[in-house]
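Structure first, commentary second.
The values are calculated or read from the model by the stated rules, or taken from the named source; none is laboratory data. Keep in mind it's a predicted model, so treat the numbers as computed, not measured. Using ideal geometry, Cβ is built from the backbone for each residue, glycine included, and neighbour counts are taken over all protein chains shown.
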Amino acid sequence: MSLAEEVDLLRGIALFERMEPSKLKLLAMTSDRVNFRAGAVMMKQGDNGDAAYVIISGKGEVYIDTPGGEIKVAEMGPGQVVGEIAIMIDTPRTATVKTPEGLTALKIPKENFLRLLSSSPQIALEIIRVLAARLENTNAQLRAAVAKQSA
């Protein structure tokens, strides 16, 4: 894929749609397109977080390890970011992401992702919105689990 095609692809992702063309080009040049086959593990809970991924195509399933076993907590699809928490707060991966079908993603190394956030307020704001929505979803799941136990 040419650089121009990569930039067009990035522009089609909601997270990057308002980004300046020069920054999109730089992002495309400093990131890698990676492919995961069906049944692969994209990242594993507890591993070192070295990059964030923007899903281009396919689906990722997010699991967390608990004393009672692995629990699926989310599904991620095209245009969504995974792996950003570990690099934003310098902690091991907080979840495992599996690919039930083939998945293509843009792998953004930690340093580039943090630089992107600091230089693009609109991207940083969108990431905050994503994280806030995930937190609310987690809270809703916890409320449902507690209500189920109380019943």
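Any chance region 85-100 includes a residue that's basic (Lys, Arg), at pLDDT 90 or above and more than 11 Å from the chain's Cα centre (by Cα)?
Yes, because at least one residue in region 85-100 is basic (Lys, Arg), at pLDDT 90 or above and more than 11 Å from the chain's Cα centre (by Cα).
Looking only at region 4-38, which residues are more than 26 Å from Thr99 (Cα to Cα), loosely packed, with under 12 Cβ neighbours inside 10 Å and aliphatic (A, V, I, L, M)?
Ala4
Do we find that Gln45 is closer than 29 Å to Arg143 by Cβ, polar (S, T, N, Q) and under 12 Å from the mean Cα position of the chain (by Cα) in this structure?
no
Filtering region 72-98 down to residues that are within 17 Å of Glu111 (Cβ to Cβ) and not aliphatic (A, V, I, L, M), which residue is surrounded by the most Cβ atoms within 10 Å (Cβ to Cβ)?
Across region 72-98, the extreme among qualifying residues is Gly83.
For Ala147, indicate whether it is among the aliphatic types (A, V, I, L, M), exposed (fewer than 12 other Cβ atoms within 10 Å of the Cβ) and over 15 Å from the mean Cα position of the chain (by Cα).
When the stated conditions are applied, Ala147 passes them.
So which residues in region 130-144 are over 16 Å from Ala86 (Cα atoms) and either among the β-branched types (Val, Ile, Thr) or surrounded by 11 or more Cβ atoms within 10 Å (Cβ to Cβ) (or both)?
Asn137, Thr138, Gln141
Would you point out the residue of region 21-43, among those that are in contact with a Ser or Thr (Cβ under 8 Å, 6 or more places away or on another chain) and outside any strand (DSSP E or B), that is modelled with the lowest pLDDT?
Lys23
Name the single residue, out of those in region 57-73 being at pLDDT below 90 and among the aliphatic types (A, V, I, L, M), that is farthest from Leu10 (Cα to Cα).
By that ranking, first place goes to Ile71.
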